[in-house]
Amino acid sequence: MAVSSNLSSSAGVNHIPPQFGQADASMPRSVLFCRSTLQCGHFILAGIPRGICHCNPRPAPMQAGTGTAVAHSCKAACMIAGMTNRLIRPRRLRRNSILRDLLADHSLGTCDFVLPVFVRAGEGIRHPILSMPGQYQYSPDVLLEELSEWASMGLRSVLLFGVVDPGEKDEEGSHAHDPDNAVCSTLRMVKRAGLELLLMTDLCYCEYTSHGHCGPLAGAEKAGRRRARGGKSADAANPPTVDNDATIHRLAQQAVIHSQAGADVVAPSGMMDHAVGTIREALDEANFTDRAIMSYSVKYASSYYGPFREAAESPPQFGDRKSYQMDFRRTAAEAVREANIDVAEGADIVMVKPGMPYLDVLSRVSASVPVPTAVYQVSGEYAMLKSAAAAGWIEEKPCVLEAMHAFKRAGASFIISYYTMEMIEWLNA
Ligand SMILES: [Zn+2]
């Protein structure tokens, strides 16, 4: 039988016995193959009673069988385990909590979290969001009280979203530019109160437009929308969509208005091409060179946003957002491209949204850009964890902690989450 002659050097060890080696297409069927999901192709000769492949998160027993002999550079651990000379035992470093803490590669702190909050005009409002237990729409006065208390508990950063009464909405989302709207009022109130909070604001129009899309509609598509309302005559090749270039100039105005009111970081969320560059230029022209842009660079057209749309009262009144938000059927290469475009235009922070279903994307993006990468654990993720915990199906705190560590492990610099206050409480306990 052929056994790879360069096995020892490729594995970086020199004590692999000759009967262990890489699979070879010409092998007889009497060898034992690793049958694990990785199909790593590791094998040991028949006659050795037990073999364990450690190439996987869970060691997989090697079994007799044909398997697919995959050319693969073996790891020493796989080759040695199952032998009489059991040098490598990864469990040694998990033996007690001190060792585990010592070796943890990442940790969570209270400053790693940003709390998204919803604010609407009025007074004394604390309106529960049914699909997001524990989350509310607040009027600026009530939100100021809450923020004051949360800051004293350790909250460092918030991301403000405006909620608008239907009577204030129009085709262009004009109310977003009212310097006295709920978001701007809250910014001024928090700054005046001297709270030590980093104030981030969402820049978009879906909360402000009568049609619920993220900017004014493209002129030609308005007709399409009328046809869509009319039913079957809608043009499938030209669905109504947002006017990109009109929107980015409006976003730039919104960014300046928010900065004038006290925003420290503005966060364009509409996935409009060249929004970041246009906003940067406008901020610099208005002498806000020190205000940072956190771009929702990688935002998928996700069904996990459902509860948010109740919270922000912003569902699209027709169609969907697939002509501007990203298609999750494409590879992470598109995400990396989007993020790099934003970085080139001046984004100080890029974001991946949603979180948990897109950890692969988060990992790729964070490894590819020279700026911090944020992740947004979205409303649907929060609602699932909350509802499963309420039903007694999962234990909430350990599951949430596990999710947060997954974001960190995948490369998130910080996490935007509705669990922020619970995380602060848990981390401070
Ligand atoms: Zn939007």
Taking H placed 1.01 Å from N in the peptide plane, check which residues at least 5 places from V114 or on another chain put their amide H under 5 Å from its amide H.
I415, I416, S417
Rounded to two decimals, what is Rg over Rh for the range 250-298 when you use alpha-carbon atoms and the Kirkwood radius?
0.92
If each residue of separation counts as 0.36 nm, what is the full-extension length gain between A104 and D165 once their alpha-carbon separation is subtracted?
17.2 nm
Given the peptides 265-272, 240-247, arrange them by the average over their residues of other C-beta atoms within 10 Å, most packed first.
265-272, 240-247
By counting other Cβ atoms within 10 Å of each Cβ, how are W426, W150 ranked from fewest to most?
W426, W150
Report the label-to-label distance for Q317 and R409 in nanometres (one decimal), using points 7 Å from each Cα along the Cα→Cβ vector.
4.6
State to the nearest 20 debye the size of the charge dipole of the range 254-390 about its Cα centre, where the only charges are +1 on K and R beta carbons and -1 on D and E beta carbons.
520
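So, counting K/R as plus one and D/E as minus one, what does the shell of residues with Cβ under 12 Å around Q137 add up to?
Numbers: positive: R120, R126; negative: E146, D165, E207, E310, E313.
Within the 12 Å Cβ shell, the charges total -3.
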Using a simple spin-label model with points 7 Å from Cα along the Cα→Cβ vector, what separation in nm is obtained for A333 and A388?
3.3
If we sort 104-112, 298-306, 249-257, 206-214 on the protection proxy, mean other Cβ atoms within 10 Å, highest first, what's the order?
206-214, 249-257, 298-306, 104-112
Unit charges at the beta carbon, dipole of the range 110-428: most positive-side option, V158, A335, V256:
A335
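I'm a student and want to see the number: the projected area of the Cα convex hull of the range 273-358, averaged over all directions, in nm². Don't skip to the answer; put the middle values down first.
On the way: hull surface 27.0 nm².
For the range 273-358, the mean projected area of the Cα convex hull comes to 6.7 nm².
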Where Rh is the Kirkwood radius over the Cα pairs of the range 110-428, the temperature 20 °C and the viscosity 1.002 mPa s, what D in µm²/s does Stokes-Einstein return?
108
Stretch R309-Q253 to full length: gain in nm at 0.36 nm per residue minus the Cα-Cα span?
17.8 nm
Cα convex hull volume per residue for the range 133-179, in Å³, equals 118
Given the peptides 353-366, 308-321, arrange them by the average over their residues of other C-beta atoms within 10 Å, most packed first.
353-366, 308-321
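Computed from the coordinates by the stated procedures, all read-outs in this text should not be read as laboratory data. Since this is a predicted model, take the numbers as computed values, not measurements. Because the Cβ atoms are built from the backbone with ideal geometry, glycine has one as well, and the counts that use them run over all protein chains shown.
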